[in-house]
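Below: one structure, written as structure tokens.
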């Protein structure tokens, strides 16, 4: 990592009679399968910058290529740690990651019931930055994009926001815009600061707003995509 920092895995405080060596298990209130907590894992840290997109209480899941949830964590203040677990070779079914398998992520937001696909950027200074599962691996996520599951987002494939971070002036452009899409920009407290219709090319002026992190929600009938921008 380029800068000093810290992260916290939730305390392994077992229930009465449980082994202190067993990993912390959160209550799974999603529609995802129950995680098989095997003895081998890959640690993934969503650092404070990446976690700025998230709300305390959100649930992040790590998913195998065949859609099995093999790791789950509840978002806490600051950085959030998740353990993705390896497949249990003693069972007949595939219930975890194998060496070299791609790590994929989803997020469930209990506050709204929404589920998002997470596209992540890894810290190249961390031991494992290729997005693949490794026994005793360690990866650090420095940024992410949230896309609502079950929504066709082809119209947003050519979306670009630059410069980011900026002094408050952002250029937003998109190719092949073929439907009406609006956007709303909210601050870290969830307060809307700007709403407008998406054009193929436009300048977004947030220079009057305080420095910090903001989120652009692109919307038609549903929230199609959420992008983070930073005023420095």
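All of the numbers you see were taken from the coordinates with simple rules; none came from a lab. The shown structure was predicted, so the numbers you read here are calculated from the model rather than taken from an experiment. We place every Cβ from the backbone using ideal geometry, glycine too, and count neighbours over all the protein chains shown.
Quick notes on this structure:
- Label-point separation, residue 121 to residue 211 (7 Å along Cα→Cβ), nm: 1.9 nm
- Contour minus Cα-Cα distance for residue 99 and residue 66 (0.36 nm per residue): 10.4 nm
- Per the Cα gyration tensor, the chain maps to an equivalent ellipsoid with semi-axes of 34, 19, 17 Å, ordered largest to smallest.
- Contact order for segment 154-231, expressed relative to its length and based on alpha carbon pairs under 8 Å spaced 6+ residues apart, stands at 31 percent.
- Of 82, 118, 177, the sequence from fewest to most neighbouring Cβ atoms within 10 angstrom is 177, 118, 82.
- Segment 96-171 and segment 183-232 have Cα centres spaced 19 Å apart.
- Springs between Cα atoms under 10 Å define the GNM used for the chain, and in it the highest mean-square fluctuation of 40, 193, 213 occurs at 193.
- Helical contribution to [θ] at 222 nm, DSSP H n ≥ 4, -39,500 (n - 2.57), averaged over the chain, rounded to 500: 0 deg cm²/dmol
- Fewest-first sequence of 93, 166, 51 by Cβ atoms within 10 Å of each Cβ: 93, 166, 51
- Gain on full stretching of the segment that runs from residue 162 to residue 130 - 0.36 nm per residue minus C-alpha separation: 9.0 nm
- Each of residue 111 and residue 55 was given a label point 7 Å from its Cα along the Cα-to-Cβ line. The distance between the two points is 0.4 nm.
- Short-range pairs are left out: with C-alpha atoms under 8 Å and at least six residues apart, the relative contact order of the chain is 15 percent.
- Segment residue 29-residue 200, length gained on full extension (0.36 nm per residue, minus Cα span): 57.6 nm
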